[in-house]
1. Amide H of Val34 versus every other amide H placed in the peptide plane: which residues, excluding those fewer than 5 positions away on the same chain, fall under 5 Å?
2. Taking 22 Å as R0, compute the FRET efficiency from the Cβ-Cβ separation of Asp29 and Met4 and round it to 0.05.
3. So how strong a dipole does the chain carry about its Cα centre when Lys and Arg Cβ are +1 and Asp and Glu Cβ are -1, to the nearest 20 debye?
4. Using bins 10 angstrom wide from zero, how does P(r) for segment 1-62 break down, in % of all Cα pairs?
5. Going by amide H atoms built from the backbone, whose H comes under 5 Å of the H on Leu7, apart from near neighbours?
6. Please list, in order along segment 43-57, the HN-Hα scalar couplings obtained from phi with the Karplus expression 6.51 cos²θ - 1.76 cosθ + 1.60 (θ = phi - 60°), rounded to whole Hz, x for Gly and Pro.
7. Using only Cα atoms, find the angle between the long axis of helix 15-29 and the longest principal axis of the chain, and express it within 0 to 90 degrees, rounded to the nearest 10.
8. How much mean residue ellipticity at 222 nm does the chain get from its helices, if each DSSP H run of length 4 or more adds -39500 (n - 2.57) and you divide by all residues, to the nearest 500 deg cm²/dmol?
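Here, each number is a calculation from the coordinates, and none is a lab measurement. None of the values given here were measured: they were computed from a predicted structure. Using ideal geometry, Cβ is built from the backbone for each residue, glycine included, and neighbour counts are taken over all protein chains shown.
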Amino acid sequence: MNVMTLLGSPRENGNTAHVLTWVEAALTDAGHNVERHWINDYAIAGCQECQCCKNRKVELCNIYDDGIVVL
C-alpha cells in the first residue's frame, strides 16, 4: 500500500518529525511504500470564501495554489 504522511510542523527536523519518522519506519517494515510531504514546501493559500465550490462553478477550488498538488 502507498502511504503519504504530512508533516505540518514549522520545524522540518523537530520533535514531530522525529515521531513521524518512527511511524514511517513501522509502516515501511510492514511492507508499505511511504512518502513524506512537508507542508512548508508548498504555497497554500487560505480560503477566500468566494463560494465557487459551493455554487458548483468549479470542481475543487477556485484558488490555484500548491494545495491542488498535495491532493
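1. Val3
2. Details: r = 17 Å, r/R0 = 0.80.
Efficiency, from the Cβ-Cβ distance: 0.80.
3. Values: 5 positive and 9 negative charges, 60 e Å.
For this selection, approximately 280 debye.
4. Computed distribution, short to long bins: 20, 32, 25, 20, 3.
5. Close amide H contacts, sequence-distant or interchain: His37, Trp38, Ile39.
6. Per residue, the Karplus-derived 3J(HN,Hα) values read 9, 10, 7, x, 5, 9, 6, 7, 6, 4, 5, 6, 8, 6, 7 Hz.
7. The angle comes out near 70 degrees.
8. Numbers: 2 runs with 19 residues, N = 71.
Estimated from H runs of four or more residues: -7500 deg cm²/dmol.
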